Amino acid sequence: MSTPVSPNTVLANALSHAQDVLTPRVRDTTPERIVFVVGTQINGAPHIGTSLVQSLAFATAARVREKFGVPVEVRFAALDNAPHTIVTDQSTGHLFMRTYAHALGHQAIAQQIDTLYHPLFAALSERLAVPYAVETYSEQQATQHFRRTWLRVLPRMDAARWWLAPSAGVAHLRVPCPSPGCGWSEKYAQRTRVRDSSRDHATVTAECLHHGTYEVTVAPDSGEGYLDLATLYRNLVKELSLGDKYSGTLHVMVKGGDWVFGSHLVDGALQAVGLAPQQFPARLFCPQVVTDTGAKLSKSLIREGHAPLPDGAAPWMLDTREWPGTVADYVERLLGMTEIVLSDPRHFFRSYSAGEVGRMMTAPTTRSLPTP
Ligand SMILES: [Zn+2]
């Protein structure tokens, strides 16, 4: 495989290995196990950027286990609350949306995860002997722990809301219409109100596209209602729920590099609601795959004709099902690429053009580079 040429950076210069960026948190918490959490929107076939982050989660987990002798696992959060359909309500001009979970249903989502993600994860897990688990957002929001965390954070939202929504100060909470087969909610939650709340329940009123005003009571045990939170708000509640009690587990949130900017806001919100920095999850930002202009390689922009397929990009980069080979072969190539990316911090803390990824993924394999 061709080795890239990468410039030095302040961060790369401070590290011997990319995964060392996690060392201060590991030493600070002396965890009994480390869980690498990687979230992916379930909205169609995965692209190469997604595969790269997922394979780096497994590969980094294996290296951290080797360094610290602590058990590791990868937890895959399937974000099935991504918008599936968005329409404009003619009478108000408000946008209404249905999530993938509401539009497709639990069965179809489970099937999509089985088809599109399990084969890749199973192969990565087996090759690196790193166990993994999958949880959908729909399952997570229904748990007692997630709901209790949300109910606890509600009274403190005044402190957090400008972090979560710096422009308007309103962090969107959606509770999709519970009428059978419906599930529409106002995308920007203009008429969604928390009427009253305590540690045990919250009553939320909202407007449906078809059913007018409705009311939902969200309680930890009832399973009633569906908590669909705007992205930063969701991350606040999720990360609070991970860090609110000492469980001996250090969580590492693994994300693409485009999250560097937004994560500062989540950290501000965590602090604003009273979490101590030692309780924050650790963060690992992975290389982004970008086009010739330096923008993130975006399947939807290309599909909708707003951007051309960049030089050197192939259709499989936008839809990994089109990889011209077996899953085993794809995993082999991905792991080859993660070895290169992890071989020097200069190769990790940077982006890669689609053309460069193409070269790295398809150049003739030379077995295992020595680890420095
Ligand atoms: Zn409805």
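Less than 5 angstrom separates the built amide H of GLY39 from those of ALA77, VAL254, all sequence-distant by 5 or more or on a different chain.
For region 190-344, the alpha carbon positions stretch 55, 46, 31 Å along the principal axes, listed from largest to smallest. Please report, ordered by residue number, every helix of the chain (full DSSP H runs) that is 20 Å or longer along its axis going by C-alpha atoms and whose mean Kyte-Doolittle hydropathy reaches -1.0. Span-like helices, by this rule, are 48-68, 327-342.
Using the Karplus relation 6.51 cos²θ - 1.76 cosθ + 1.60 with θ = phi - 60°, the per-residue 3J(HN,Hα) values for region 198-215 come to 9, 6, 9, 6, 9, 9, 10, 10, 7, 10, 9, 5, 10, 10, x, 6, 9, 10 Hz, with x marking Gly and Pro. Each Lys and Arg Cβ is given +1 and each Asp and Glu Cβ -1; about its Cα centre, region 172-229 then shows a dipole of about 220 debye. Figure legend: label point modelled 7 angstrom from the Cα of ASP20 along Cα→Cβ; residues of region 311-355 with amide N under 14 Å from it are 343-349.
Where does region 273-372 land on Rg/Rh, using Cα atoms and the Kirkwood Rh? Looking at region 273-372, the ratio lands at 1.06. Of all DSSP beta bridges confined to the chain, the antiparallel ones make up roughly 45%.
Residues ILE86, ILE109, ILE42 in ascending order of nearby Cβ atoms (within 10 Å, fewest first): ILE86, ILE109, ILE42. When the helices of the chain are scored as -39500 (n - 2.57) per DSSP H run of n ≥ 4 and the total is divided over every residue, the value at 222 nm lands at -11500 deg cm²/dmol. Each Lys or Arg adds one and each Asp or Glu takes one away; over the other residues whose Cβ falls under 13 Å from the Cβ of VAL70, this sums to +3.
Ranked by the mean number of other Cβ atoms within 10 Å per residue, highest first, peptides 13-21, 331-339 order as 331-339, 13-21.
Neighbours of LYS187, meaning other residues whose beta-carbon lies under 13 angstrom from its beta-carbon, give a summed charge of -1 when Lys and Arg score +1 and Asp and Glu score -1. Each principal axis of the Cα atoms in region 172-229 has its own extent, and those three values, largest first, are 30, 23, 18 angstrom. Label-to-label distance for ARG27 and THR213 is 5.9 nm, based on points extended 7 Å past Cα in the beta-carbon direction.
The antiparallel fraction among DSSP beta bridges confined to region 157-309 stands at about 75%.
Backbone amide hydrogens, once placed in the peptide plane, bring SER353 within less than 5 Å of VAL290, excluding anything fewer than 5 places away on its chain.
So what's the convex hull volume per residue for the Cα atoms of the chain, in Å³? It is 147 Å³ per residue. Given R0 = 51 Å, the distance between the Cβ atoms of ALA328 and VAL87 translates into a calculated FRET efficiency of 0.75.
Using the charge dipole of the chain (Lys, Arg: +1 at Cβ; Asp, Glu: -1 at Cβ; taken about the Cα centre), state which of TYR137, GLY336, PRO166 has its Cα farthest towards the positive end. The residue sitting most towards the positive pole is PRO166.
Can you list the residues of region 220-258 with backbone N under 11 Å from a point 7 Å past the Cα of LEU154, pointing along Cα to Cβ? Answer for region 220-258: 220. Placing +1 on the Cβ of every Lys and Arg and -1 on the Cβ of every Asp and Glu, with nothing else charged, gives the chain a dipole about its Cα centre of roughly 600 debye. Positive end of the dipole of the chain (Cβ unit charges, origin at the Cα centre): among GLN41, GLN288, SER198, the Cα lying farthest that way belongs to SER198.
For region 56-90, backbone nitrogen atoms closer than 16 Å to the point 7 Å from ALA133 Cα along Cα-to-C-beta are found at 71-78.
Coordinate-derived values only; no laboratory data. This structure is a prediction, so every number in the text was calculated from the model and none was measured. So basically every Cβ, Gly included, is an ideal-geometry build from the backbone, and we count neighbours across all protein chains shown.
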